[in-house]
Amino acid sequence: MNIKLEYLKHSDLKAYKTLLDDVLGEGSPLVDYQAHYKEDHPSVKVVVAKKDDEIVGTLTFVLMDTFTSPLDPKIEFSNFAIIPSARGGDAATLLMRFVADFAKEHGYKSIVVNCLAKASRAHQFYKKMGFEHLDTTRFQLKVK
């Protein structure tokens, strides 16, 4: 598979949303993506994997380098999605290496991801890529 990685462009938002909806479940309306996505956001990066100009995978990462954690700046990623026909190929590995290379080049000390407990295939992939399983529990407060 000849995969090319690039940062998401506004012109690709419709295809990007379709990928996320198909792989992760339906999200916000396209108009929300169009209104809020910033190609040059200082701390949120969205990378897409393309094969023949079709988006086959994506990963969003957030730079977590606040003034309270200067000794442990980290990257957290989410919206990691690969279309079924591209799974087992190079797209997922290339996206993960992209983030790892970004972290090294910019002085980040770790990369973290939150993953559903039942997503065993993803767990296997993360371990294969060198991630260690942390024994944590995640909580969320919905603000109304």
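The values are calculated or read from the model by the stated rules, or taken from the named source; none is laboratory data. Quick caveat: nothing in here was measured; it's all calculated off a predicted structure. Here Cβ is always computed from backbone atoms with ideal geometry, including for glycine, and neighbour counts include all displayed protein chains.
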Worksheet item: Among the residues of region 29-38, how many are farther than 15 Å from VAL62 by Cβ and either surrounded by 11 or more Cβ atoms within 10 Å (Cβ to Cβ) or in contact (Cβ under 8 Å) with a residue 60 or more places away in the chain (or both)?
Response: 4
Worksheet item: Which number in (1) free of Cβ contacts under 8 Å to residues at least 24 places away in the same chain; (2) within 15 Å of the chain's Cα centre (by Cα) marks the one condition that LEU5 misses?
Response: (1)
Worksheet, complete the sentence: Given (1) among the β-branched types (Val, Ile, Thr); (2) at pLDDT 95 or above; (3) within 29 Å of THR137 (Cα to Cα), VAL113 misses just (2)
Discussion item. Checking THR136 against (1) in contact with a helix residue (DSSP H, G or I) (Cβ under 7 Å, 6 or more places away or on another chain); (2) surrounded by fewer than 16 Cβ atoms within 10 Å (Cβ to Cβ); (3) of a type in the set (Val, Ile, Thr): exactly one of these is not met. Which one?
Written reply: (1)
Worksheet, complete the sentence: Of the residues in region 86-107 that are among the acidic types (Asp, Glu) and free of Cβ contacts under 8 Å to residues at least 40 places away in the same chain, the one that is farthest from LEU19 (Cα to Cα) is GLU105
Worksheet item: If we keep just the residues of region 12-21 that are closer than 17 Å to LYS45 by Cβ and not hydrophobic (A, V, I, L, M, F, W, C), which is surrounded by the fewest Cβ atoms within 10 Å (Cβ to Cβ)?
Response: ASP12
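Residue by residue, here is whether (1) at pLDDT below 95; (2) in contact with a Lys or Arg (Cβ under 8 Å, 6 or more places away or on another chain); (3) small (Gly, Ala, Ser) holds:
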position: ASN2; (1), (2), (3): yes, yes, no
position: LYS14; (1), (2), (3): no, no, no
position: LEU20; (1), (2), (3): yes, no, no
position: PRO29; (1), (2), (3): yes, no, no
position: ALA49; (1), (2), (3): no, yes, yes
Worksheet item: Of the residues in region 105-125, how many are surrounded by 13 or more Cβ atoms within 10 Å (Cβ to Cβ) and out of contact with any Asp or Glu (no Cβ under 9 Å at 6 or more places or on another chain)?
Response: 4
Worksheet item: Taking LEU5, is it part of a helix (DSSP H, G or I), in contact with a Phe, Trp or Tyr (Cβ under 7 Å, 6 or more places away or on another chain) and either closer than 22 Å to LEU63 by Cβ or among the hydroxyl-bearing types (Ser, Thr, Tyr) (or both)?
Response: no
